[in-house]
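Novice: Below is the structure I would like to discuss, written out as structure tokens.
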Amino acid sequence: TPIVTLSASSRQDLLANLSHRPEDVHVVEPGIHTRFCPDGEPEAVPLVLSVGRLMPSKGVDRLLEAVALARQSVHDLRLEVVGEGPEEGVLRQRAAELGISGAVRFCGRIDDQALVLAYRRATVVASASVSEGWGMTLTEAAACGTPAVASDIDGHRDAVQHGTSGILAADSAGIAAALVEVTGNLARRSELAAGATRMAARFDWDRTATEAFRILASTVDRR
């Protein structure tokens, strides 16, 4: 029986932990809705965007620490946190402890069009997650021409081409350094934005559907 998964890292996990034959486990990367596309320029003041549910595995506390560190070099750096969840109160308190409450905005849940606009306004999208199957928000941002700074984990390695469409980092200090690199250097940001747009072009739902049907058809033929 064929197994279809979204990423190469998920495929490796399946092969390592379950008794599947390699030829039965296929990777079909997800598509991106066409509403996610470049339009206009990011805001003049450097803006970091985080999108996702506010829960421990998303590592927003680590991102707050990284932003606090990065602001020592990029003094006007701001963070917008899109999403809701049980950690919001804790994260607001952490921002206050770090002395960056005035530079952090918790936006709650927003609709799809507002999310597209948020991606386009941002200088960089960031994620400090400790575990992801696929960095979908990073891919959506890339389609809008916005590069990523993210934790160096399997799901992010699938969604970000390190040094080309964004930067992967091991810890809060590394994420902070990457934020400074992207938000403090317009030429570098433009270079990564172009790479993000190129990378995102391959995530097309028509291609995804075609590949999935090909796998299904080959399975039916074998039977």
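The values are calculated or read from the model by the stated rules, or taken from the named source; none is laboratory data. All values derive from a computational prediction rather than experimental measurement. Please note: Cβ atoms are built from the backbone with ideal geometry, for glycine as well, and neighbour counts cover all protein chains shown.
Novice: Being among the small types (Gly, Ala, Ser), part of a helix (DSSP H, G or I), modelled with pLDDT of 95 or more and farther than 22 Å from His26 by Cβ: is that true of Ala196 here?
Specialist: yes
Novice: I've got another one for you. Which condition breaks for Val90 when tested against (1) among the β-branched types (Val, Ile, Thr); (2) in a helix (DSSP H, G or I); (3) touching a residue at least 60 places away in the same chain (Cβ under 8 Å); (4) farther than 21 Å from Ala193 by Cα?
Specialist: Going through (1) among the β-branched types (Val, Ile, Thr); (2) in a helix (DSSP H, G or I); (3) touching a residue at least 60 places away in the same chain (Cβ under 8 Å); (4) farther than 21 Å from Ala193 by Cα one by one, Val90 breaks only (3).
Novice: Can you tell me which residue among Ser19, Ser73 is surrounded by fewer than 18 Cβ atoms within 10 Å (Cβ to Cβ) and in contact with a helix residue (DSSP H, G or I) (Cβ under 6 Å, 6 or more places away or on another chain)?
Specialist: None of the others qualify; the one that does is Ser73.
Novice: Would you tally the residues in region 151-188 being part of a strand (DSSP E or B) and surrounded by 24 or more Cβ atoms within 10 Å (Cβ to Cβ)?
Specialist: Total meeting the criteria: 3.
Novice: Turning to a different aspect of this structure: Could you count how many residues in region 100-136 are assigned to a loop (DSSP other than H, G, I, E, B) and at pLDDT 95 or above?
Specialist: 9
Novice: Is there a residue being in contact (Cβ under 8 Å) with a residue 60 or more places away in the chain and under 16 Å from Ser172 (Cβ atoms) anywhere in region 38-49? Break it down stepwise before answering.
Specialist: First, the residues of region 38-49 that are in contact (Cβ under 8 Å) with a residue 60 or more places away in the chain: 38-40, 42-43, 46-49.
Now narrow it down to the ones that are under 16 Å from Ser172 (Cβ atoms): 48.
The answer is yes, given that some residue of region 38-49 is in contact (Cβ under 8 Å) with a residue 60 or more places away in the chain and under 16 Å from Ser172 (Cβ atoms).
Novice: Any residue at all in region 104-115 that's within 18 Å of Ala8 (Cβ to Cβ) and surrounded by fewer than 24 Cβ atoms within 10 Å (Cβ to Cβ)?
Specialist: Start the filter on region 104-115 by keeping residues that are within 18 Å of Ala8 (Cβ to Cβ), which leaves none.
No.
Novice: Go through region 91-110 residue by residue and tally those that are of a type outside the set (Ser, Thr, Tyr) and within 20 Å of Val45 (Cα to Cα).
Specialist: Qualifying residue count for the region: 9.
Novice: Just to be sure I understand, how many residues within region 137-150 are assigned to a strand (DSSP E or B) and within 17 Å of Arg202 (Cβ to Cβ)?
Specialist: The number of residues fulfilling the criteria is 1.
Novice: Now for a separate question. Here are Val67, Val25: which of them is hydrophobic (A, V, I, L, M, F, W, C), buried (at least 16 other Cβ atoms within 10 Å of the Cβ) and either closer than 18 Å to Asp154 by Cα or not assigned by TED's automatic domain parsing to the domain that holds Gly155 (or both)?
Specialist: Of the residues listed, the single one that is hydrophobic (A, V, I, L, M, F, W, C), buried (at least 16 other Cβ atoms within 10 Å of the Cβ) and either closer than 18 Å to Asp154 by Cα or not assigned by TED's automatic domain parsing to the domain that holds Gly155 (or both) is Val25.
Novice: Got at least one residue in region 199-214 being within 16 Å of the chain's Cα centre (by Cα), crowded, with 23+ Cβ neighbours inside 10 Å and under 17 Å from Pro46 (Cβ atoms)?
Specialist: no
Novice: Test each condition in (1) more than 30 Å from Ser218 (Cα to Cα); (2) part of a loop (DSSP other than H, G, I, E, B); (3) in contact (Cβ under 8 Å) with a residue 60 or more places away in the chain for Leu69 and report the one that comes out false.
Specialist: (2)
Rundown of residues vs (1) more than 21 Å from Leu63 (Cα to Cα); (2) touching a residue at least 24 places away in the same chain (Cβ under 8 Å), yes/no style:
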| position | (1), (2) |
| --- | --- |
| Arg109 | no, yes |
| Glu140 | no, yes |
| Ala143 | yes, yes |
| Thr146 | no, yes |
| Ala159 | no, yes |
| Asn185 | no, no |
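Novice: I've got another one for you. From Val45, Val74, grab the single residue that is under 13 Å from Ala103 (Cα atoms) and in contact with a Gly (Cβ under 7 Å, 6 or more places away or on another chain).
Specialist: Exactly one of Val45, Val74 is under 13 Å from Ala103 (Cα atoms) and in contact with a Gly (Cβ under 7 Å, 6 or more places away or on another chain), namely Val74.
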